[in-house]
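Quick notes on the structure that follows.
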Amino acid sequence: MNREVLRQLYYEIYGSHPLCESGFNDLIQTLKNAVQSRERQLKSLDEKKLQKDKWFLSNELMGMSLYVDRFAGDLKSMSSKLDYLNELGVNVLHLMPIFESPAGESDGGYAVSNFRKVDERFGSLDELIALRKEMHSRGMYLMLDIVLNHTSHHHEWALKAKQGDPYYQDYYYMYENRWLPNQFDEYMPDIFPESAPGNFTYDEACGKWVMTVFHQYQWDLNYTNPRVLNEMIDTILFYANLGVDVLRIDAPAFIWKQTGTSSQNLPQAHTLLRLIKQCVSMTAPGMALLGEAIVAPKEIMKYFGTDEFVAKECDFAYNATHMALQWDMLASGDTRVMLAAQHELLQKPYGTSWITYTRCHDDIGLGYDDYMIEQAGKNPYYHRKFLKEYYSGGFPDSPARGALFSSNPKTGDARISGSLASLCGLEKAMYDQDQFQIEQSIQKILLMQAHSFFLGGLPMLFYGDEVGYTNDYSYLQDPGKSYDNRWMHRPIINWQKNKRINTPDSIEYTIFHSTQKLIQLRKKLEVISDKSNLTWLTPHTIHVAGYMRVDQHKKIYCIFNFSKETAYLTWYAFKETGTSSGTVFDHWTEKEFQIGEDHEHLIIAPYGFYILESIA
Ligand code: GLC
């Protein structure tokens, strides 16, 4: 990591731009300023992190994403909630966007009008810093977003562009007529086909067409202009110096546009990310980068870096493929599609890690490849149709209560909204007051969480899921949200409900304490650190997914039954991986089993799972 590599990357992108040389010199100055203003405590934390072999691979980390206002009210009140989070075992906190964003045109904070001012709804920058300091003193880590691809149309740059200032018009993609927009539109898919079709919006004020890939109020930044990159790196380093430990780079797949392409995942987008990584390594080496690339599996892998930049681009990516495949397994009771995807997912380079998750603030996209479905002997069109109907209420026997998000009549694509609990059947079971279904849906919630906690990577809970929040339909009354059904799974926390974690046998108690136990287990087992030590078992039954995690001290088998029937796993599955006899201890139920003959089986309850350690 050095200045020459940085220069090479900068010139790769801007070599033919008249501002290239001065832009590069300005960037170097920006880095020097960032180093100079980095607090001493943050520098010593950087050093501590660097002494560990990749601090962020640790099994002791456990994350949660939350909206400050919906979880706690504001930043000040967040500190009174840290005990609750620590009790659960969470020590990495992703605060959903808190920088200024116009109410009503906010996209949950992803339309930023001022990158350096905390929105008044949440509090102030000083309160954010105070919270971060308190978190650090408790050994917790902070994750924030940088919204790299676009700004709100109320951002100062956009306002100046609207007034006709050519300097700032060059910060965006703006055109006098539809000639270029038509060419872009031909190959660019619609991201929000229902609420924001097309990729351009006509701005009355300046009489130009502006690129708006997401909502019409989110203006895409023009990274062919080196000034834009320099400004955004300066912002990234500003966040680094606030003490951010993991920076979530929002929507990096979109940051470079080119006519004749989908304008996603282009090589220049990767060069820009490598450049950002270099700048961060030179100034705030303790800050890890998470690339939020929710794209096809092969493309996701490239965000870890390729060629001489392997493991030198993003430190983390979301394991969006596996997340969706867990939902596939849960609906179908069949693990084959998931297994067909693994040879690609296992290519992740050493030293990088996944964010593993079951739910987040976004929808579930069934973005894995058709060939994976075909390999499992299924028809991709009908299989996806089944999954969408299963989760959105169109399938007669399904207990799931979700909805389709962003249906595209042109392509037939749709994604899925809904909370973990509602998609696992808890909403329906509670409505029906069906105790058996309530217990089964809780079992499904725990199965989904356990599968993602032990898989390798940093598990990221979504707030509310730790106590089983079902869908919240109040968003329909708010015109700033009603067009976007992702709000159904972004609950407003009712602390009276959460207090029931202290009432034995309540739903909240059961889910909270079981989740807590899984987290404690994860923290106890060092073998669960993401050291590329995972092997999938041959399942011998399509209902069971099993993986083995091994280091020089321990061998752990994580076995999950995704079907509503009891499953039987031959003991031969263990012998194939070198455990031919002896005892296995289940950390979940705290029971021991003797490895039996090949024709004998480990019996797994419906939606049950084991975390087995080979002990003799
Ligand atoms: C990311 C965010 C999503 C947002 C989009 C546009 O995908 O996760 O919530 O709508 O970027 O910023």
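Here are the numbers for this structure:
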{"read-out": "Probe 1.4 Å, accessible area per residue of segment 255-358, Å²", "value": "25 Å²"}
{"read-out": "For the chain, fraction of C-alpha pairs farther apart than 38 Å, in %", "value": "31 percent"}
{"read-out": "Alpha-carbon centroids, segment 45-120 and segment 537-551: separation in whole Å", "value": "34 Å"}
{"read-out": "Size of electric dipole in the chain: Cβ of Lys, Arg +1 and of Asp, Glu -1, about Cα centre, debye, nearest 20", "value": "1000 debye"}
{"read-out": "Average accessible area per residue (Å²) across segment 534-615 - probe 1.4 Å, nucleic acids and ligands excluded", "value": "44 Å²"}
{"read-out": "Cα-Cα over 26 Å, subset of 48/76; 277/554; 52/277; 49/277", "value": "48/76; 277/554"}
{"read-out": "Protein accessible area in the chain, 1.4 Å probe - carbon and sulfur %", "value": "49 percent"}
{"read-out": "Crossing angle, helix 320-332 versus the chain [Cα axis fit, 0-90 degrees, rounded to tens]", "value": "40 degrees"}
{"read-out": "Debye intensity ratio I(q)/I(0), log10, segment 150-220, q values 0.13, 0.22, 0.26, 0.27 Å⁻¹ (C-alpha model)", "value": "-0.32, -0.90, -1.19, -1.26"}
{"read-out": "Summed residue charge, Cβ within 14 Å of residue 351's Cβ, Lys/Arg positive, Asp/Glu negative", "value": "+3"}
{"read-out": "Lys, Arg +1 and Asp, Glu -1 on Cβ, resulting dipole of segment 376-514 about Cα centre, debye, nearest 20", "value": "500 debye"}
{"read-out": "Where segment 150-220 is the region considered: accessible area per residue in Å², 1.4 Å probe", "value": "45 Å²"}
{"read-out": "Long-range HN-HN contacts of residue 316 with modeled amide H, under 5 Å", "value": "289, 290, 291, 353"}
{"read-out": "Between segment 455-493 and segment 407-444, the Cα center-to-center distance that results, in Å", "value": "13 Å"}
{"read-out": "Whole-Hz couplings from phi, Karplus 6.51/-1.76/1.60, listed for segment 347-360; x for Gly and Pro", "value": "7, 3, x, 4, x, 10, 8, 9, 8, 9, 6, 10, 9, 9"}
{"read-out": "Listed pairs 43/524; 531/575; 81/388; 117/388 exceeding 31 Å between Cα atoms", "value": "81/388; 117/388"}
{"read-out": "Segment 150-220 - percent relative contact order, Cα under 8 Å, separation 6 or more", "value": "36 percent"}
{"read-out": "Cα-based helix-to-principal-axis angle, 20-37 vs the chain, degrees rounded to 10", "value": "60 degrees"}
{"read-out": "Cα long-axis angle, helix 3-14 against the chain (0 to 90 degrees, to the nearest 10)", "value": "70 degrees"}
{"read-out": "Cα Rg, Dmax (largest Cα-Cα span) when computed across segment 521-568, Å", "value": "12.3, 36"}
{"read-out": "Surface/4 of the Cα convex hull for segment 534-615, nm²", "value": "4.8 nm²"}
{"read-out": "Farthest toward positive dipole pole in the chain [+1 Lys/Arg, -1 Asp/Glu at C-beta], among 596, 545, 409", "value": "596"}
{"read-out": "Expected 222 nm ellipticity per residue - DSSP helices of 4 or more, -39500 (n - 2.57), all of the chain, to 500", "value": "-11000 deg cm²/dmol"}
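The values are calculated or read from the model by the stated rules, or taken from the named source; none is laboratory data. Computed from a prediction, not measured in an experiment: that's the story for all the values here. All Cβ positions, even for glycine, are placed from backbone atoms using ideal geometry, and neighbour counts span all protein chains on display. For the accessible areas, the whole protein counts, side chains as well, though only heavy atoms, and no ligand, DNA or RNA atoms are used. Shrake-Rupley method; radii C 1.70, N 1.55, O 1.52, S 1.80 Å.
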